[in-house]
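This report concerns only the one structure given below.
Nothing in this text is a laboratory measurement; each read-out follows from the coordinates by a stated rule. Computed from a predicted structure; not experimentally measured. Positions of Cβ are backbone-derived with ideal geometry, glycine not excepted, and every protein chain shown enters the neighbour counts.
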Amino acid sequence: MAQESELAAISVRNLSIQYGDFAALQNVNLDIPRNQISALVGPSGCGKSSFLNSLNRLTDLIPGCRVKGEVIFQTQNLTDSKHDVLSLRRQIGMVFQKPNPFPQSIRRNFEIPLREHGFSKKECRDRMVEALTQVGLWEEVSDRLEKGAANLSGGQQQRLCIARALALEPEVILFDEPCSALDPIASAVVEDLIVSLRERVTVVIVTHNLAQARRIADQLSVFWVRDGSGTIVESGDAGEIFQSPSDPDALNYLCGARG
Amino acid sequence: MFRHRNDRGLKWLLSGVALICGSLVIGIVGFLLVEAWPVFSSGQIFAFFSDGAWQPGSDREPQFGITPMLLASLAVTLLATALAVPPGILAAIFQIYYSPKWLATFQDRAMELLAGVPSIIFGFWGLTVIVPIINQIRPPGQSLLAGGIVLGLMILPTVSLTTRAALQAIDRSLVYGGAALGLSRPRQIFSIALPAARSGILSGCMLAMTRAIGETMAVVMVCGNIAKIPHSIFDPVRPVTSTIALEMGYATEGHRSLLYAAGFVLVVLTGFLLLLRRREPVL
């Protein structure tokens with residue numbers, strides 16, 4: 001167990017999340033292994049997104065939301081209110097369901113976060129070019145960096161958002177259903193991109209697309225509602241779980257019978 | 001599309017109401033033009049901008065220059081805008097990003113109340129509070145500055161309420177996106193939220209300016225009403241609106257047409273201000 005924790009990029013212990021009186025998530029334990037893709041699946045409303053948001057403290061933005069338990073990242077507990085949230089979010093990036101480039105030029109989309117974290121104009125440009133190249137967008141946008149990011153297609157916008165997160169060179173990137181607002185072709189491009197990121201970063205992805213989870217996940221966690229709150233009912237190697245889930249709800253869900 | 005009878009009926013009703021509202025504007029401008037027609041047909045309109053002084057009632061040598069008054073209107077409006085826009089925007093930012101909920105609600109009510117205070121009250125307050133203070137710095141007190149301060153206070157709620165609405169209307173996903181990149185709150189506000197809300201904020205400022213340029217009662221009371229081109233903000237001025245209000249009561253035929261023409265010029269000026277509100281290119 002101790003050895004496992006050392007390999008883990010993030011270790012979650014006894015995590016509970018409450019919105020007012022409602023317990024969205026109870027007693028979640030999970031080790032997220034380094035440089036692998038961990039997929040979180042399960043029906044809507046069982047706390048997957050809440051769990052994801054707690055990993056980079058975006059739960060702070062939700063009024064009335066309380067997080068209990070431990071999230072260990074680089075030997076420090078993130079749920080500690082004194083933890084430096086801004087540098088944490090630089091190390092644990094996030095990509096959302098709906099592409100959300102800032103409604104400004106493509107270049108500004110990189111400059112705003114990079115300048116904020118202390119990079120020079122020159123470094124901003126280098127990192128922007130590198131990140132855009134990584135997501136395969138450089139060829140497509142290199143001649144219109146000063147144009148608005150909103151003019152890009154949905155798939156391009158989502159790749160821009162991934163590049164924007166990558167430019168900060170994070171350890172972990174959290175994906176909250178990154179393909180569900182995209183058409184099938186754009187979705188496939190983004191999915192391939194996520195797979196290619198595995199060498200560089202640790203990926204945690206929430207997805208409702210079980211076929212996608214089967215294709216890309218190394219680790220799988222199935223969330224389910226128990227006693228009125230979300231929790232993880234099954235977790236481990238993705239191949240094994242897809243083959244023979246031990247939890248009956250997980251079995252039904254993964255076979256497409258329920259949820 | 002309009003297959004159902006009640007839907008078709010509603011369409012006609014709404015079209016009718018919209019038509020009436022739209023044609024009211026045309027009707028009012030048309031009325032101004034008809035009343036001011038003698039000024040245009042006699043060529044007096046050119047004297048508006050070429051004569052140095054405003055003495056329309058003089059028997060010997062009448063002069064019809066409204067340039068000092070137009071400049072006064074513009075100067076008072078610009079000063080009021082310059083005074084009201086920064087605090088209006090900052091107050092809205094505080095309200096949305098930093099204020100506790102009870103204080104935000106209080107601020108809303110206070111701004112709505114401020115917007116509802118009759119302009120005569122603002123004028124009265126300006127005359128008894130602001131003017132004596134300015135008088136101590138540089139007499140006479142009734143001045144361009146007094147007008148700018150009082151008007152600025154009157155348009156402050158317009159700026160603040162429209163800015164708040166524009167900031168609230170920006171996509172929440174931008175706020176989350178900014179936070180997820182580790183941006184501090186000031187950076188989120190000034191680099192993301194304000195640019196995203198820019199066109200709404202600009203519209204609010206233009207709305208405030210058009211209100212300021214058309215305001216009459218308060219400026220009559222605090223501006224001093226001397227139709228000369230001001231050389232400093234402490235000089236008394238007389239905006240176009242004041243002139244119309246002060247002289248309409250006793251104006252005879254030719255003079256009356258002049259005042260209507262001055263009003264028409266003011267409407268054209270407001271129209272120009274609204275044209276300045278160009279459509280932002282979609283980024």
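What is the diffusion coefficient of the range B:119-161 in µm²/s, taking the Kirkwood radius over Cα pairs and the Stokes-Einstein relation at 20 °C with a viscosity of 1.002 mPa s? Approximately 203 µm²/s, per Stokes-Einstein. Normalised by the number of residues in chain B, the mean separation of alpha-carbon contacts (under 8 Å, six or more apart) gives a relative contact order of 27 percent. For the range B:45-119, the calculated P(r), taken from all Cα-Cα distances in 5 Å bins from zero up to the bin holding the longest distance, is 3, 13, 13, 14, 11, 9, 8, 8, 7, 7, 5, 3, 1, 0 percent. All Cα-Cα separations within the range A:135-259 were binned at 10 Å from zero, giving a P(r) of 11, 38, 30, 15, 6, 0, each value a whole percent of the pairs.
What does the convex hull of the Cα atoms of the range B:30-157 come to per residue, in Å³, rounded to a whole number? Each step should come with its number before you reach the end.
Details: hull volume 22.7 nm³, N = 128.
Given the Cα convex hull of the range B:30-157, per-residue volume reads 178 Å³.
Pair-distance distribution P(r) for the range B:113-202, from all Cα-Cα distances in 5 Å bins starting at 0: 3, 13, 17, 13, 11, 10, 9, 10, 8, 5, 2, 0 percent. Multiplying each eigenvalue of the alpha-carbon gyration tensor of the range B:63-278 by 5 and taking the square root yields semi-axes of 37, 19, 14 Å, largest first, rounded to whole angstroms. Result for chain B in a Gaussian network model with C-alpha springs under 10 Å: among B:Ala110, B:Ala193, B:Ala75, the largest mean-square fluctuation is at B:Ala110. Here the alpha carbons of chain A define both size measures, Rg and Dmax, at 18.4, 55 Å.
The Cα atoms of the range B:2-42 cover 56, 11, 7 Å along the three principal axes, with the biggest extent listed first. Here the Gaussian network model covers chain B, with springs between Cα atoms less than 10 Å apart; of B:Cys223, B:Cys205, B:Cys21, B:Cys21 fluctuates the most. Exceedance of the 20 Å cut-off in Cα-Cα distance is limited, within the set A:Lys82/A:Lys121; A:Lys98/A:Lys122; A:Lys121/A:Lys147, to A:Lys82/A:Lys121; A:Lys98/A:Lys122. Exposure proxy ranking for B:Ile45, B:Ile130, based on other Cβ atoms within 10 angstrom of each Cβ and starting from the fewest, stands as B:Ile45, B:Ile130. Compactness ratio for the protein assembly as shown: Cα radius of gyration over 2.2 N^0.38 Å (N = residue count) comes to 1.33.
Taking the DSSP beta bridges with both ends in the range A:124-239, the antiparallel portion is around 60 percent.
Give me B:Val237, A:Val189, B:Val220 sorted ascending by neighbouring Cβ count inside 10 Å, so fewest comes first.
Details: B:Val237 29, A:Val189 17, B:Val220 22.
Taking fewest neighbouring Cβ atoms as first place, the list is A:Val189, B:Val220, B:Val237.
For the protein assembly as shown, the Cβ-based charge dipole about the Cα centre amounts to some 960 debye (Lys, Arg positive; Asp, Glu negative; other atoms uncharged). In chain A, the calculated helix contribution to ellipticity at 222 nm averages -10500 deg cm²/dmol per residue, counting -39,500 (n - 2.57) for every DSSP H run with n ≥ 4.
Under Stokes-Einstein, with the Kirkwood radius over Cα pairs standing in for Rh, what whole-number D in µm²/s applies to the range B:196-254 at 4 °C and 1.567 mPa s? Translational D for this selection: 96 µm²/s.
Quick one: B:Trp125, A:Trp224, B:Trp54, fewest Cβ neighbours within 10 Å first, how do they rank? If you can, show how the numbers build up before the last one.
Values: B:Trp125 17, A:Trp224 20, B:Trp54 23.
Going from sparsest to densest Cβ surroundings: B:Trp125, A:Trp224, B:Trp54.
Derived value for the range A:1-85: Kirkwood hydrodynamic radius 13.4 Å. Basis is the mean of 1/r over every pair of different alpha-carbon atoms. Result for chain A in a Gaussian network model with C-alpha springs under 10 Å: among A:Leu145, A:Leu193, A:Leu160, the largest mean-square fluctuation is at A:Leu145.
Computed on chain A, with alpha-carbon pairs under 8 angstrom and 6+ residues apart, the relative contact order is 26 percent.
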